[in-house]
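Worksheet: the structure to be examined is printed underneath.
Rule-based calculations on the coordinates, nothing more; no lab input. Note that this is a predicted model, so its numbers are computed, not measured. A quick note on method: Cβ atoms are made from the backbone with ideal geometry, for glycine too, and the neighbour counts reach across all protein chains shown.
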Amino acid sequence: MLLRPVRDTAEDAEAVQAITAASFGDARALPGGDWPPERVVRFHARVRYFARTDPDGCWIAEDVVAGPVGVALALKREFLWGLSLLAVVPTAQGKGVGKALLARAMGYGRGCLRGLLCGTRHPVAARAYRRAGFTLHPAMRLKGVVDPARLEPLDGAVHEGTPRHRDLMDSVDRRTRGGAHGPDHEQLIGGCRLFVVDDLAGSGYCYADRGRVELLAATSRRLATRLLTAALLSVPPGGTACVPHLTSDQQWALDVGLTAGLELANSGYVCLRGMRPPTPYIPSDTFL
């Protein structure tokens, strides 16, 4: 088994897509499957982005016969390390591939004070993250059709965000999770709608993508509540909303989502090292 860096090429992006699809049992995501073309473009762009920004944190495991069988994408932002993706195809699971990839990815975070990842409910993955020193916080997900009539009116202004808000967002990041997202904001704003609050009470922001909350951070629960409410109100009538990765510390988000008529379900773990669950904060699958 060979571990090599992920390259900034279309071929490696397609290989990561195939590994991810096989690992998570999503035949629609296989190259040639029925993922929407814009989703494929975005996935490939993010893989290639991490290959450029974090080349020492992105690794592919290759079998001499089967070819690429596993991938890990890790990032460092200031003093925070994050694991964006760890996937191994079923035929290579239980053979130490995931363990080797996780060790290499974690080596990239040596010297970082904090660690963060969003883990699935898979028991093998949970055991691996716990053995690696992470605290596992059970997570919940809100999903369903929004009933806007049930939501309270916004208690203040929410602005449409632009790249000019990056310094504001980095400041909120440092306060909530201990490290700015930095260049990740350029990737997020390219594919999501950005909501921003900035007033005497504090500041915050929320990225939403067709009803799914991709990332939210604020300096207070009141502002986080306002941002999440605005994001849910922006969902077209009859459209589905999704608010993932909610730990028990995010009761403010449960209050908003349940009021809006969304259904609550268990959904994996938010795994942390050297930090408590950031709040008010909803992490991104990809950018953490």
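Near the amide H of Thr247, within less than 5 Å, lie the amide hydrogens of Met140, all on another chain or at least 5 residues away, with H placed in the peptide plane. In 5 Å bins starting at 0, how do the alpha-carbon pair distances of the chain split up by percent? Final binned percentages: 1, 6, 12, 16, 19, 17, 14, 9, 4, 2, 1, 0, 0.
Can you give the FRET efficiency for Arg193 and Glu11, using 1/(1 + (r/R0)^6), R0 = 41 Å, r = Cβ-Cβ distance, to the nearest 0.05?
Working: r = 32 Å, r/R0 = 0.78.
Efficiency, from the Cβ-Cβ distance: 0.80.
Relative to the longest principal axis of the Cα atoms of the chain, helix 37-53 runs at roughly 70 degrees.
Using the beta-carbon distance between Glu62 and Arg127 and R0 = 22 Å, what value does 1/(1 + (r/R0)^6) give for FRET efficiency, to the nearest 0.05? According to the calculation, E is roughly 0.30. Each residue of the stretch 3-16 is assigned a 3J(HN,Hα), and the resulting list reads 9, 9, x, 6, 9, 7, 9, 5, 5, 5, 4, 5, 5, 5 Hz, derived from the Karplus form 6.51 cos²θ - 1.76 cosθ + 1.60 (θ = phi - 60°), x at Gly and Pro. From its DSSP helices (H runs of at least four residues, each -39,500 (n - 2.57)), the chain gives a residue-normalised ellipticity at 222 nm of -10000 deg cm²/dmol. Across the stretch 274-288, computed HN-Hα scalar couplings (Karplus, 6.51 cos²θ - 1.76 cosθ + 1.60, θ = phi - 60°) run x, 7, 8, x, x, 8, x, 7, 10, x, 8, 3, 8, 9, 6 Hz from first to last residue, x flagging Gly and Pro. Under a 5 Å amide H cut-off, with hydrogens placed 1.01 Å from N, Leu85 pairs with Leu73 among residues at least 5 apart or on other chains. Here each label is just a point 7 Å from Cα along the line to Cβ, and for Glu186 and Leu233 those points are 3.3 nm apart. The phi torsions of the stretch 198-212, fed into the Karplus equation with coefficients 6.51, -1.76 and 1.60 and a -60° offset, translate into couplings of 7, 8, 5, 7, x, 8, x, 7, 8, 9, 10, 10, 6, x, 9 Hz, rounded to whole numbers, with Gly and Pro shown as x.
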